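Remarks on the structure that follows.
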Amino acid sequence: MERRHLGRTGLRVSRIGLGTLNWARGSGEHASGGRGAHLEHEENAAGQLKAFWEAGGNLVDTADVYGDGEAEYLLGRLMHDLVPRRDLVIATKAGSVPDPDRRIDCSRGHLLSALDASLERLGTDHVDLWQVHAFDPYTPLDETLHALDTAVASGRARYAGVTGFSGWQLAKAAAWQLSAPGPRTRLASAQLEYSLLQRGIEREVLPAALDLGIGLLPSSPLGRGVLTGKYRQPGPPPPGSRGASERLAPFVEPYLDEPAGRVVDAVSIAADGLALPPLQVALAWVRDRPGVVAPLVGARTAQQLAAALSVEGLSLPEEIRAALDDVSAPVHRYPDHDWSEL
């Protein structure tokens with residue numbers, strides 16, 4: 001698999017990343033299946049990681065809150081038993097907390113304690129990319145960023161990034177790291193949702209990232225599964241899909257409206273013309289957008305992941321890329337309409 005530099009750093013990662021949010025489901029909606037279901041869940045995760053590694057992938061993204069740490073723990077076991085740690089670029093996150101009164105805690109104390117706990121679960125002495133999970137309006141930004149500096153200086157993290165920051169938040173954080181006195185850790189990456197169904201980051205976040213040399217790691221690159229075309233047919237969602245899950249249906253529902261349907265139809269038409277699955281067309285589109293380093297694919301099964309990994313040799317014809325650009329184009333209004341032209 002081709003590799004790309006993560007922002008303006010020397011770190012090279014595969015241009016498709018493996019997301020592990022679904023690995024945590026064994027402690028969630030499928031937990032009632034008992035030990036047999038748990039073993040099946042672990043075998044599925046092992047199959048995904050092995051297939052990803054054998055395809056040349058190295059970037060694996062997780063978080064301390066995925067399954068209350070279960071995803072990190074499982075990844076750590078698999079690195080010990082299945083795939084060498086040295087062959088992987090491990091990215092994790094800290095800052096989200098299960099507190100209804102304060103969902104985000106990016107104080108120095110919490111972040112560094114969370115990192116230590118992540119390292120213990122992962123069974124490693126460092127993570128390759130440590131990400132602030134969200135912007136915390138109640139903690140001074142310089143305090144949050146100082147935790148990143150401390151983590152890198154201590155060797156517990158090699159690079160640092162952020163997740164879910166808006167344009168101004170990303171620009172402020174990156175500029176602080178570039179201009180503040182003392183040794184600072186340059187932001188290497190920003191992880192945000194980006195797909196043919198969600199191009200909102202093109203208004204401000206992506207222009208800021210391009211200007212500052214920050215690599216983008218798109219989450220939900222398949223529009224929360226909708227761009228696979230599985231929801232095109234009338235009637236109830238397919239069994240086993242997110243849309244059929246009582247817990248996850250609200251996550252999918254925003255992308256099932258009429259405008260989204262037009263985009264999905266365009267992707268399906270393009271896929272038919274290329275004799276490819278819609279998944280591959282949608283994933284190739286976002287993978288090759290300006291500023292994108294690696295879309296993060298969170299497959300439910302090894303078979304789904306294999307379909308995503310098969311996009312490696314695909315480059316969309318320019319006329320199809322342009323048609324998809326047009327049908328999914330976001331509306332840019334004042335003040336960003338003059339300069340946000342991705």
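The values are calculated or read from the model by the stated rules, or taken from the named source; none is laboratory data. These numbers were taken from a predicted model, which means no experiment stands behind them. Positions of Cβ are generated from backbone atoms using ideal geometry, with glycine treated the same way; all protein chains shown enter the neighbour counts. To get the accessible areas, we keep the full protein, side chains included, count just its heavy atoms, and leave off ligands, DNA and RNA. Shrake-Rupley method; radii C 1.70, N 1.55, O 1.52, S 1.80 Å.
A few remarks follow.
- Ordering of 304-313, 278-287 by packing is 278-287, 304-313, highest average first (other Cβ atoms within 10 Å, averaged per residue).
- Mean Cβ neighbour count within 10 Å, used as a protection proxy, ranking 253-264, 139-150 highest first: 139-150, 253-264
- Note on the stretch 143-254: semi-axes of the ellipsoid equivalent to its C-alpha gyration tensor, largest first and rounded to whole Å, are 36, 16, 10.
- Under the combined filter of DSSP loop state and at most 16 neighbouring Cβ atoms within 10 Å, the stretch 61-113 retains these trypsin sites (Lys or Arg not before Pro): R102, R103.
- DSSP-loop chymotrypsin sites (Phe, Trp or Tyr not before Pro) across the stretch 133-225, with at most 10 other Cβ within 10 angstrom: Y138
- For the chain, convex hull volume per residue from C-alpha positions, Å³: 142 Å³
- Counting heavy atoms of the protein chains alone, S179 has an accessible area of about 90 Å² for a 1.4 Å probe.
- Percent carbon-and-sulfur accessible area, the chain, ignoring ligands, DNA and RNA, probe 1.4 Å: 53 percent
- Average accessible surface area per residue within the chain, 1.4 Å rolling probe, Å²: 44 Å²
- Separation of the L141 and A117 label points, Cα + 7 Å toward Cβ, nm: 2.7 nm
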